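Peer 1: Got a structure for you, questions after.
The values are calculated or read from the model by the stated rules, or taken from the named source; none is laboratory data. Fair warning: this is a prediction, and the values are worked out from it, not measured in the lab. Please note: Cβ atoms are built from the backbone with ideal geometry, for glycine as well, and neighbour counts cover all protein chains shown. Please note that ligands, DNA and RNA were not included when accessible areas were found on the heavy atoms of the full protein model with its side chains. Shrake-Rupley method; radii C 1.70, N 1.55, O 1.52, S 1.80 Å.
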Amino acid sequence: MALVLTEMTQQIGTLTMNNPQKRNCLSHALIEDFFAALDTFERSKMRVIILRASAGSKVWSAGHDVHELPRPGRDPLPYNSPFEQLLRRVQDYPDPVIAMIEGGVWGGACDLVLTCDIVIGCETATFAMTPAKIGIPYNPSGMIHFINVLGLNKAKEMFFTAAPMNASEALNLGILNHLVESDKLESFTRGLAEKIVGNSPLAIRALKEEFRLLSKGHPMDAETYEKIGAIRRCVYDSKDYCEGILAFHEKRRPQFKGE
Ligand code: YZS
């Protein structure tokens, strides 16, 4: 079964995540299909991409496949992991990528949404950033995405509480560009995509790359980089990291001890 469905009409490529049984979690297999779809869109010169889940989904994506998180003592979000490669592929995709959201967006799927260029949601959209719930030291490039969009205080609250944020909060905080009624979500998103298709592709590609380079975050000296590495290692070397993942497998709340 294809884990991703694609449609190409009027220079707009639509990618629909299609693994509802596993709540569209970003497994290696789904990411592989995701890459293939984006490659097809690029070869077919689609000018705008829409990322979505199937109509009526209660969960847009449950985030990183927790069963594929590496064993303790290994960085859970290494630079070359399929998940991190997916975020960069979307972030660096030459043309605008629109995330069309209905249902819950969890963990790394929130990061995927923030690497898109425009986010349109309906009233069922929620966003929960979950590293603290599982015991994961999120990675700096991912955290920059949240700081850039939400600002420091709201990004901290989203990470520290791991609580789902509703669609109107997401609109107020700038995660959503637009909040529309669910029965208008598809037509509104398509209409916005068609507006973009009507403008200069070269100018839009240049603007997207300029925005990406300007928003990459602040240069970091070597010592700071090393210090962040040490801080993160203390977490993914910890017993709490093991407990967080085990609790997920056993479908229970984790009992963190701070060790
Ligand atoms: O038991 P079966 O085999 O039917 O599978 C279940 C779930 O195990 C599976 N599933 C997942 N498998 C791997 N990774 C996931 N993230 C994941 N989420 C779900 O899908 C099947 C149906 O799940 P249910 O829980 O029965 O579905 P439902 O009752 O509708 O609840 C849906 C939600 C999404 C609320 C629930 O599945 C859930 O809370 N999932 C975990 C969401 C989450 O915490 N994701 C963050 C993963 N971590 C990351 O993305 C980053 C590494 S971080 O943690 O840093 O943010």
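Peer 1: Being within 18 Å of Phe35 (Cα to Cα) and either away from the ligand (no atom under 14 Å from the Cβ) or of a type outside the set (Asp, Glu) (or both) is true for just one of Arg74, Arg88. Which residue is that?
Peer 2: Arg88
Peer 1: Report, by residue number, each residue of the stretch 13-36 that is assigned to a strand (DSSP E or B) and touching an Asp or Glu at 6+ places or on another chain (Cβ under 8 Å). Even if it seems obvious, please write down each step before you answer.
Peer 2: Start the filter on the stretch 13-36 by keeping residues that are assigned to a strand (DSSP E or B), which leaves 13-17, 26.
Across the stretch 13-36, the qualifying residues are Gly13, Thr14, Thr16, Leu26.
Peer 1: Which members of the stretch 37-64 meet the condition of being among the hydrophobic types (A, V, I, L, M, F, W, C) and either outside any helix (DSSP H, G or I) or over 25 Å from Gly121 (Cα atoms) (or both)?
Peer 2: Met46, Val48, Ile49, Ile50, Leu51, Ala53, Ala55, Val59, Trp60, Ala62
Peer 1: Can you tell me which condition Arg23 does not meet? The list is (1) open to solvent by 30 Å² or more (accessible area, probe 1.4 Å); (2) touching a Cys at 6+ places or on another chain (Cβ under 9 Å), and all the others hold.
Peer 2: (2)
Peer 1: Next up: Return the total of residues in the stretch 103-133 being open to solvent by less than 20 Å² (accessible area, probe 1.4 Å) and either within 7 Å of the ligand (Cβ to nearest atom) or within 17 Å of Leu26 (Cα to Cα) (or both).
Peer 2: Of the residues in the stretch 103-133, 17 are open to solvent by less than 20 Å² (accessible area, probe 1.4 Å) and either within 7 Å of the ligand (Cβ to nearest atom) or within 17 Å of Leu26 (Cα to Cα) (or both).
Peer 1: Now a separate question. Go through the stretch 65-79 residue by residue and tally those that are open to solvent by 30 Å² or more (accessible area, probe 1.4 Å), outside any helix (DSSP H, G or I) and either within 16 Å of Gly104 (Cβ to Cβ) or charged (D, E, K, R) (or both).
Peer 2: 3
Peer 1: Name every residue in the stretch 216-259 that is farther than 22 Å from Gly107 by Cβ and open to solvent by less than 80 Å² (accessible area, probe 1.4 Å), in order of residue number.
Peer 2: Listed by number, the residues that qualify are Ala222, Thr224, Ala230.
Peer 1: Looking at the stretch 147-190 only, could you name the residues that are closer than 14 Å to Pro96 by Cβ and either touching a Lys or Arg at 6+ places or on another chain (Cβ under 7 Å) or free of Cβ contacts under 8 Å to residues at least 40 places away in the same chain (or both)? Before you say what the answer is, go through the steps one by one.
Peer 2: At the first step, the residues of the stretch 147-190 found to be closer than 14 Å to Pro96 by Cβ are 177, 189-190.
Residues satisfying the conditions do not exist here.
Peer 1: What is the number of the single condition among (1) of a type in the set (Gly, Ala, Ser); (2) modelled with pLDDT under 95; (3) open to solvent by less than 10 Å² (accessible area, probe 1.4 Å) that Gly13 does not meet?
Peer 2: If we test Gly13 against (1) of a type in the set (Gly, Ala, Ser); (2) modelled with pLDDT under 95; (3) open to solvent by less than 10 Å² (accessible area, probe 1.4 Å), just (2) comes out false.
Peer 1: Next question. Could we say that Ile136 is within 11 Å of the ligand (Cβ to nearest atom) and buried (at least 22 other Cβ atoms within 10 Å of the Cβ) here?
Peer 2: yes
Peer 1: Within the stretch 238-255, identify whether any single residue is aromatic (Phe, Trp, Tyr) and either within 16 Å of the ligand (Cβ to nearest atom) or farther than 30 Å from Arg71 by Cβ (or both), and answer yes or no. Walk me through it before giving the result.
Peer 2: Start the filter on the stretch 238-255 by keeping residues that are aromatic (Phe, Trp, Tyr), which leaves 241, 248.
Retained after the next criterion (residues that are either within 16 Å of the ligand (Cβ to nearest atom) or farther than 30 Å from Arg71 by Cβ (or both)): 241, 248.
There is at least one residue in the stretch 238-255 that is aromatic (Phe, Trp, Tyr) and either within 16 Å of the ligand (Cβ to nearest atom) or farther than 30 Å from Arg71 by Cβ (or both).
Peer 1: Among what's in the stretch 29-64 and is buried (at least 18 other Cβ atoms within 10 Å of the Cβ) and of a type in the set (Gly, Ala, Ser), pick the residue that is farthest from Ala167 (Cα to Cα).
Peer 2: Step one: filter the stretch 29-64 for residues buried (at least 18 other Cβ atoms within 10 Å of the Cβ), giving 30-31, 33-34, 37-38, 41, 46-53, 57, 59-64.
Of the ones still in play, those that are also of a type in the set (Gly, Ala, Ser) are 37, 53, 57, 61-63.
Details: Ala37: 28, Ala53: 16, Ser57: 15, Ser61: 15, Ala62: 17, Gly63: 18 Å.
The qualifying residue farthest from Ala167 (Cα to Cα) is Ala37.
Peer 1: A follow-up question, please. For a quick check of your reading: which strands (runs of 3 or more DSSP E) sit entirely within the stretch 83-138 and have at least 1 residues that are over 29 Å from Arg205 (Cα atoms)? Even if it seems obvious, please write down each step before you answer.
Peer 2: Values: elements: 97-101, 104-106, 118-121, 126-128.
Result: 104-106, 126-128.
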